[in-house]
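Trainee: First the structure, which I've put down as structure tokens, then a few questions once you've had a look.
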Amino acid sequence: MDNNNQIITAKLLKLYPNGRCALEYDNAFELLVASRLSAQCTDVRVNIVTKRLFALFKCPQDYIDADIEDIEEVIRSCGLYHTKARDIKNMSVMLTEEFGGRVPDNMDDLLKLPGVGRKIANLILGEVYHVPGVIIADTHCIRLSNRLGYCTSKNQNIVERQLREVIPPQDSLQFCHALVTHGRTVCKAQKPACAACELASLCPYYESAQESACK
């Protein structure tokens, strides 16, 4: 990591020392379900939906026993509800039949679950099992890591790999949560509040925008 990125990382960790997952859950299985619902949906909406969902379906067997239409009805407002309901039901089957009802604690097994990609797997590993070095390459992470000069790609897997190479493993989960918080409150997708950003003096995106404004 170059010196500029080292300074940015330190500032981010200091700005957001108490970053946490915005999804509400009580156990690994609930986080797995909530993270699947979060695709192309806000965490706020997911938390509204899961409050009812988790009251009705408390374990993988409950989803297995339910009609898929009943699951769809509860999660409909999250969007893509046909696909999400199918994935949740099928992952519940796999968890029960292959993993004794327990959410796996390693990347290879997590990726076997229907609807689970590296982003969800890394979230589970970091949040539940406290595995160091996880990078949760969501939209905020990808956008900010490019703007701040950590990465030069919008590809999720490349961003994950490049950040893993430069972010200290013990700080990776907090770093990812810090990026999400900063992305939601300051460095927004459409109208980043650069004038209010404490990272502006270090930010290649801001420097480029200033140069363009002067031309």
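Read-outs throughout are calculated quantities, based only on the coordinates presented, and are distinct from any laboratory measurement. Predicted, not measured: the structure shown is a model, and the values here were computed from it. Glycine gets a Cβ as well: all are built from the backbone with ideal geometry, and neighbour counts include every protein chain shown.
Trainee: Roughly how tilted is helix 204-214, in degrees to the nearest 10 and between 0 and 90, from the longest Cα axis of the chain?
Mentor: The angle comes out at about 50 degrees.
Trainee: Further, regarding this structure: Can you give me the long-range amide H partners of Gly101? Hydrogens built in the peptide plane at 1.01 Å from N, cutoff under 5 Å, separation of 5 or more residues or another chain.
Mentor: Thr96
Trainee: Could you tell me the ratio Rg/Rh of segment 28-127? Both radii from Cα atoms, Rh via Kirkwood.
Mentor: Across segment 28-127, the Cα-based Rg/Rh ratio is 0.92.
Trainee: Here's something else I'd like to know. Between Val44 and His130, what's the calculated FRET efficiency when r is the beta-carbon distance and R0 is 25 Å? Round to 0.05.
Mentor: 0.45
Trainee: Taking only Cα atoms of the chain, what ratio of Rg to Rh do you get with Rh as the Kirkwood inverse-distance radius?
Mentor: 1.02
Trainee: Now for a separate question. Angle between the Cα long axis of helix 118-127 and the longest principal axis of the chain, 0 to 90 degrees, nearest 10?
Mentor: It works out to around 90 degrees.
Trainee: Another one. Please find, in a Gaussian network model of the chain (springs between Cα atoms separated by less than 10 Å), the residue of Val131, Val116, Val44 whose mean-square fluctuation is greatest.
Mentor: Answer for the Gaussian network model of the chain: Val44.
Trainee: How far, in degrees from 0 to 90, does helix 172-185 lean away from the longest principal axis of the Cα atoms of the chain, to the nearest 10?
Mentor: The answer is roughly 80 degrees.
Trainee: Which whole-number percent gives the relative contact order of the chain, counting Cα pairs below 8 Å spaced six or more residues apart?
Mentor: 21 percent
Trainee: Another question, if that's okay. Got a sec? How would Lys188, Lys84 order by Cβ neighbour count within 10 Å, fewest to most?
Mentor: Lowest to highest Cβ neighbour count: Lys188, Lys84.
Trainee: Once phi is turned into ³J(HN,Hα) by the Karplus curve 6.51 cos²θ - 1.76 cosθ + 1.60 with θ = phi - 60°, what whole-Hz value does each residue of segment 26-33 show in order, with x for glycine and proline?
Mentor: My calculation for segment 26-33 gives 10, 7, 4, 5, 5, 5, 4, 5 Hz in order.
Trainee: Let me ask something else about it. Taking 25 Å as R0, compute the FRET efficiency from the Cβ-Cβ separation of Thr139 and Ala209 and round it to 0.05.
Mentor: Once rounded, the FRET efficiency stands at 0.80.
Trainee: Along the Cα→Cβ direction, 7 angstrom out, place labels at Met107 and Lys58. What is the inter-label distance in nm?
Mentor: Result: 3.6 nm between the two label points.
Trainee: Across segment 90-100, in residue order, what do the Karplus-derived ³J(HN,Hα) couplings come to in whole Hz, using 6.51 cos²θ - 1.76 cosθ + 1.60 with θ = phi - 60° and x for Gly and Pro?
Mentor: 5, 5, 5, 4, 5, 4, 6, 7, 10, 10, x
Trainee: Between Thr185 and Asn3, what FRET efficiency comes out of the Förster formula 1/(1 + (r/R0)^6) with R0 = 30 Å and r the beta carbon distance, rounded to 0.05?
Mentor: The pair Asn3/Thr185 has a calculated efficiency of 0.70.
Trainee: Can you check what the Kirkwood hydrodynamic radius comes to for segment 96-211, Cα pairs only, in Å to one decimal?
Mentor: Across segment 96-211, the inverse of the average 1/r is 15.3 Å.
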